[in-house]
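No value in this document is a laboratory result; all are computed from the given coordinates. Quick caveat: nothing in here was measured; it's all calculated off a predicted structure. Counting neighbours? That spans all protein chains shown, and the Cβs are built from the backbone with ideal geometry, glycine included.
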Amino acid sequence: MAPKRRAASAAKAGGKKVKEEPETPKPKDAFTSAKEALLAAGPQIKGKKKVDEHCPLSSSGEVYEDYDCMLNQTNIGHNNNKFYVIQIIKANNKYYSWNRWGRVGEAGQNKLSNPFDKPENAVKDFEKKFKDKTKNNWSDRVNFVSHSGKYTLIEVDGEQDAEVKVDSVDGKTVQLSRNALPCTLDEATQKLITLIFSNDMFKEAMECMNLDVKKMPLGKLSKVQIAKGFEVLEEIEAAMSQRSGRGRLEELSSKFFTTIPHNFGRNRPPTIDDNEIVEKKKEMLMVLADIELAQTLKTETEKAQEEMIETIPHPIDQDYMSLKCKLTLMDKDTKNFKIIEKYLNATANNYCKPKIINVWEVDRETEGQRFSKNDKLENRRLLWHGTNIAVVAAILKSGLRIMPHSGGRVGCGIYLASENCKSACYVRPSKNIGVMFLSEVALGKEHTITNDNPSLKKAPAGFDSVVARGQVEPDPSKDTVITLDGKKVAVPQGKAIAQPQFSGSSFSNSEYLIYKESQCRIRYLLELKMH
């Protein structure tokens, strides 16, 4: 199928993985489950608030108590997409009110008040401004209510800049604690871990989705704010199903972009008015949630380091350990490496022909035990899954997941592919470096389809998986078999050939679906040079 795709392309073959939920999700409670997954994922790590970088007191002052807020307002009808920053800054025993406002993506205008002798006077000024801009009382911000024509409070956590303490993806020197031990990882693995935790990479991914990093800074991404984004998308879907007018969709789209700040420059923010756009925004929020998870892992690591008095592991080792996943670099002369390389080359295409840089064997903690529940299932294949590099750390931590509100041409499940060219369409690289996974999949008894069926939530009775058969398939006669933990696993080795019996299929390439996360075990991670 061409790269252009419908609606829930995030979950299509080799597409972006989705959030961890029960193996038999309940669609009627999809958004609630998604929000609960975000909110139950763990505590937010609070950090010291930082003076706005544009303030002349940024180097000498500090934010007084918690008087700091980021406000946002989008109104498509009036081509508004603007922000408002309010802070109280303490410097030299004086208190100042700092305001900065303007269009998202620009520095905007600003005003620093004359000094207040008493903090309560600065607080009074802050609270008045907050009430004027939002129609809410600062003291009741926990129960914040958005009002039409007013600004909305953006919930963020931690330091506003959230500077990365370890980031050598561009050859920068890693900053070490004086008590840090040497890194124990091989050079290739060090580079991989640094890349998948790189702030530059996360920012690049967010900017590619038009997200405004200044309003949702790394380290301050809030599970609550992301969950609110899902809520608004639910409202938009309901409005579309009720055939609400254009005005209502503009209003709700404005609400979404107010909740999840986007940088459209001087262009008018678009109206979210069809299912394909909604699904792309769901995909974006899932990426955002996985970036938040990776940032939480890094913040927890840094906090643990600060509390250690004795010598501590190298920061890259700490990030690696936070994944609870063993990565073993493969020798390029081994038989299985050459089989993987042949699999990639035989099933790639001329449009996107990635080259292997390195391959790692993957052993996620507890995944093997979970996978063993399917020991009785035969018909095992090694299948592709391509994704955004910004979510690789989250996949290594939590596995390939199913989120209730995800979907696609073959319903709500984990999508994999027998052709690299299919999954490569979903790889989102950073500086031409991409990541793909090869998973052992216990397919068992396959149910074959040749037309879309987005309603599927599980394999039909008597079947263990669904295969949307494509018009072509890697030549089955060229398949080889490898043994993994005593089980025989088929690996395609031939080029794709026409399948006459499926010539009328609506699928160009086959898509393999499982609806239980336990039927999939990630076996290999491929670092690729994308062209």
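Annotations
- Hypothetical label at ASP117: residues of segment 57-88 whose amide nitrogen lies under 11 Å (7 Å Cα-Cβ projection): none
- Label-point separation, LYS338 to ASP375 (7 Å along Cα→Cβ), nm: 3.3
- Karplus 3J(HN,Hα) series, Hz, for segment 283-296 with 6.51 cos²θ - 1.76 cosθ + 1.60 (x for Gly, Pro): 4, 4, 5, 5, 4, 4, 5, 6, 5, 4, 4, 4, 5, 5
- Distance distribution note for segment 458-531: the fraction of Cα pairs above 19 angstrom is 56%.
- Taken over the Cα atoms of segment 60-157, the convex hull encloses 109 Å³ per residue.
- Spherically averaged projected area in nm², based on the convex hull that wraps the Cα atoms of segment 325-458: 9.5
- Convex hull of Cα atoms in segment 472-513, direction-averaged projection (nm²): 3.7
- Fully extending the segment from HIS531 to ARG103, taken as 0.36 nm per residue of separation minus the present Cα-Cα distance, adds 150.5 nm.
- Flagged links, alpha-carbon separation over 28 Å, of LYS203/LYS342; LYS488/LYS529; LYS255/LYS516; LYS49/LYS131; LYS118/LYS214; LYS50/LYS529: LYS203/LYS342; LYS488/LYS529; LYS255/LYS516; LYS118/LYS214; LYS50/LYS529
- Going from the residue with the fewest nearby Cβ atoms within 10 Å to the one with the most, LEU112, LEU293, LEU288 rank LEU112, LEU293, LEU288.
- Pairwise centroid distance, computed over Cα atoms, of segment 77-132 with segment 224-299, Å: 27
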